[in-house]
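For reference, the structure discussed in these notes is given below.
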Amino acid sequence: FVEFCQRNAESCQPGTVKQRKLAMTEDKWLLVRMVNAFVNGAIAPVTDETLYGTPEYWTIPADAGDCEDLVLMKKNILQQKGLPPE
């Protein structure tokens with residue numbers, strides 16, 4: 001994750017507000033489920049070893065990636081849709 005943050009500083013800025021509980025409305029849950037389904041369908045599951053020749057390489061994938069890459073992409077999309085990073 002440290003290497004990811006070194007390459008993507010904008011994705012790793014400390015929050016300026018105190019972490020808070022997010023009230024999960026039906027609309028927010030629908031958004032989470034839609035983003036989850038979209039990313040799971042759009043990104044082919046491929047290991048970092050196959051893609052990058054290294055056991056671990058965290059990145060926001062374009063079309064293939066492993067589990068943490070999918071998580072980073074989902075987090076990125078949800079933030080773009082207005083959910084807080086925490």
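The values are calculated or read from the model by the stated rules, or taken from the named source; none is laboratory data. Just so we're clear, the structure is a prediction, and the values are computed from it rather than from any experiment. A quick note on method: Cβ atoms are made from the backbone with ideal geometry, for glycine too, and the neighbour counts reach across all protein chains shown. These accessible areas exclude ligands, DNA and RNA; they are computed on the full protein's heavy atoms, side chains included. Shrake-Rupley method; radii C 1.70, N 1.55, O 1.52, S 1.80 Å.
Descriptive notes on the structure:
- For the chain, the 222 nm mean residue ellipticity estimated from helices alone, with every DSSP H stretch of n ≥ 4 adding -39500 (n - 2.57) and the total spread over all residues, rounds to -14500 deg cm²/dmol.
- Isotropic mean projected area of the C-alpha convex hull, the stretch 32-83 (nm²): 3.2
- Legend note: in the chain, cysteines whose Cβ sits 4.7 Å or more from every other cysteine Cβ are C67.
- The angle separating the long axis of helix 26-42 from the principal Cα axis of greatest extent in the chain is about 10 degrees.
- Simple spin-label estimate for V32 and Q6 in nanometres, 7 Å along Cα-Cβ: 3.3
- In Å², nearest 10: area of C67 left accessible to a 1.4 Å probe: 100
- Full extension of the chain between N76 and A62 yields a length gain of 3.8 nm, computed as 0.36 nm times the residue separation minus the alpha carbon distance.
- Candidate residues Y52, Y57: accessible-area rank, largest first, probe 1.4 Å: Y52, Y57
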